[in-house]
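So the structure is just underneath, and the comments pick up after that.
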Amino acid sequence: MVSTVSDRPGYGHLLRTPGAWTFLLPGFAARQPFAMLTIGIVLLVQHTTGSYGSAGAVAAVSGVSMALFAPQTGKLADRFGQRAVLLPGVLVHGASVGALTALALADAPIWALFLAAVPTGASIPQIGPMVRARWAAVLGAAPGREASPLMSTAAAFESVTDEFTFVIGPVIATALCTGVHPAAGLIAEAALTLIGGLFFAAQRATQPSVREAGPTGSARHASALSVPGVRVLAVAFLGIGAVFGGMQVSLTAFAEEIGRPGSNGVLYGIFAAGNMLAGIACGAIAWKTGPRRRLIVGYAALTLTASGLWAVHSVPLLAALGLLVGLCIAPALISGYTLVEALVPGSARTEAFTWLTGAVALGQAAAVTVAGQLADAHGASTGFLVPLVGTVLALVTLLALRARLVPSPSGRTVARGIGHRGPVTVD
């Protein structure tokens, strides 16, 4: 389907895209639990074990599992359709979260929590990438031809939606865990995943069509990761995940350290609100520069702002700097997702989005583990070194390999036998 909306890249025009609301509303509900899972695990396991290191490690296992399995979920969705993947996925996730919660409350050994965390992470529904793939379908995005002017707006809108989720999700999970019961956050996460995922799966009219294999079957089995630009973007998103994970654990430890545990949700909410506000602004601007340049500039700003987190020891200053860090994340995320439209064939696009989402989860998992260990051993401030190191390493890689974020001079981008021709402007 191709949208008939005006070429003006505004939110109003985007939201008038035929069929958009049928997947936006259930998609919003279904993606809420994603922001609740990590903090829910950290708060429950820290309560039962008394260790941020153990809590971070269990959350990290879940994140690594998601990072490894999410691209396969995306590939299956490209091949068989989103509904076919979602229906069994949400059922498995609900059962896995229930098992992890029961084991934690029973003071099970840490290895048992690790085992339960594997299916918990592997079965997380990839709602965000699926919504982005639906936008690409309804807006008629295709590699090798000029992208719809609304694609960048759609990427910004999705970033705003993600960050609104990360504003309210951790706050809800923290409130449930501290005000109701330490397991209440995970129980709510499982319930929302099941209900929201089933409603989203029911919206069959807007899901991308399943691509039929060509004579050799190469189209069906294409891998988005074989596109060089996707690998570069995955590294960049690893660094963004390091910011999310490092902030979650370090802010929690900082709030406990100063005797104000309730401030954790507020501080993280301010950080995520900065991301959301920047996303709104990015979608409202008619950019004259391409997404590759915006990605590099935004990432450099993110690295600069993250470099000062470890040195801040007061709540107001940490809130202000966290807001700045959040403001710098959205431009990098939006630019990266926008580049996918130019670099990846439609038959592998959901998989590409899940590679990026999985990279964020993997970076977050590593950051949660390292930051938790540092916070336990040396105090909360050392945990804030993790976002700095993660973004510096990713920025260096991004600068060194930035040429891979442009289709080859012949205009052909190849992913295991799938190619497309035509000029694509990305810079």
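In nm, give the distance between the simple-model label positions of ALA191 and ARG293, each being 7 Å from the Cα along the Cα-to-Cβ direction.
Label at ALA191, label at ARG293, 5.1 nm between them.
Just to be sure I understand the model, the point goes 7 Å from the Cα along the line to the Cβ. What's the resulting ALA320 to LEU399 distance in nm?
So the label points at ALA320 and LEU399 sit 2.8 nm apart.
When all protein chains stay in place, what accessible area (Å², nearest 10, 1.4 Å probe) is found for VAL297?
90 Å²
Rank ALA352, SER314, GLY383 by how far each Cα sits towards the positive end of the charge dipole of the chain (+1 on Lys, Arg Cβ; -1 on Asp, Glu Cβ) and give me just the farthest.
Farthest towards the positive pole: ALA352.
Can you give the convex hull volume of the alpha carbon atoms of the stretch 46-176 per residue, in Å³? Can you show the working numbers first?
Details: hull volume 16.5 nm³, N = 131.
So the per-residue Cα hull volume is 126 Å³.
Can you tell me the length gained on complete extension of the stretch ALA377 to HIS313, counting 0.36 nm per residue apart and subtracting the Cα distance? All intermediate terms of the calculation are to be shown ahead of the outcome.
Values: separation 64, 0.36 × 64 = 23.04 nm, distance 1.73 nm.
Contour length minus Cα-Cα distance gives 21.3 nm.
Give me Rg/Rg_expected for the stretch 258-304, where Rg uses Cα atoms only and Rg_expected = 2.2 N^0.38 Å with N residues.
On the way: Rg = 14.9 Å, N = 47, 2.2 N^0.38 = 9.5 Å.
Ratio of Rg to 2.2 N^0.38 Å for the stretch 258-304: 1.57.
Can you give the Rg and Dmax of the chain based on its C-alpha atoms, in angstrom?
20.3, 65
Could you sort HIS13, HIS47, HIS93, HIS181 by accessible area so the largest value comes first, with the probe set to 1.4 Å?
Most to least solvent-accessible, the answer reads HIS47, HIS181, HIS13, HIS93.
Please tell me the relative contact order of the chain in percent, rounded to the nearest whole number, where contacts are Cα pairs under 8 Å and at least six residues apart.
Values: 878 pairs, mean separation 118.7, N = 427.
The value is 28 percent.
From largest accessible area down, sort ASP78, ASP376; use a 1.4 Å probe on the protein chains. Display every interim value, and only then the final one.
On the way: ASP78 20, ASP376 75 Å².
From most accessible down to least: ASP376, ASP78.
Between beta-carbons, use under 13 Å as the cut-off and find the net charge around LEU43, counting Lys and Arg +1, Asp and Glu -1.
Within the 13 Å Cβ shell, the charges total -2.
At 1.4 Å probe size, what's the solvent-accessible area of ARG231? Round to the nearest 10 Å².
Solvent-accessible area, nearest 10 Å²: 100 Å².
Average projected area of the Cα convex hull of the stretch 1-122, in nm²?
Values: hull surface 37.5 nm².
Spelled out: convex hull of the Cα atoms, projected over all directions, averaged, 9.4 nm².
So what are the stretch 330-384's ellipsoid semi-axes, whole angstrom, largest first, if each one is the square root of 5 times an eigenvalue of the alpha-carbon gyration tensor? Mind showing how you got there, number by number?
Values: eigenvalues 220, 29, 4 Å².
Gyration-tensor ellipsoid for the stretch 330-384: 33, 12, 5 Å.
If the only charges are +1 at each Lys and Arg Cβ and -1 at each Asp and Glu Cβ, what is the size of the charge dipole of the chain around the Cα centre, to the nearest 20 debye? Provide the component values of the computation, followed by the final result.
Working: 24 positive and 15 negative charges, 303 e Å.
The calculated dipole for the chain is roughly 1460 debye.
Under a point spin-label approximation (7 Å from Cα along Cα-to-Cβ), what is the ALA281-LEU87 distance to one decimal in nm?
Label at ALA281, label at LEU87, 4.5 nm between them.
Accessible area per residue of the stretch 8-64 at 1.4 Å probe, in Å²?
Details: 1870 Å² over 57 residues.
Ligands and nucleic acids excluded, the figure is 33 Å² per residue.
Ignoring everything but the protein chains, give the 1.4 Å probe accessible area of PHE353 in square angstrom, nearest 10.
My reading of the accessible area for PHE353 is about 0 Å².
The values are calculated or read from the model by the stated rules, or taken from the named source; none is laboratory data. Not measured: the values here are computed from a predicted model. Note that each Cβ is placed from the backbone with ideal geometry, even for glycine, and that neighbours are counted across all protein chains shown. Areas reflect the complete protein model, heavy atoms only, side chains present, ligands, DNA and RNA absent. Shrake-Rupley method; radii C 1.70, N 1.55, O 1.52, S 1.80 Å.
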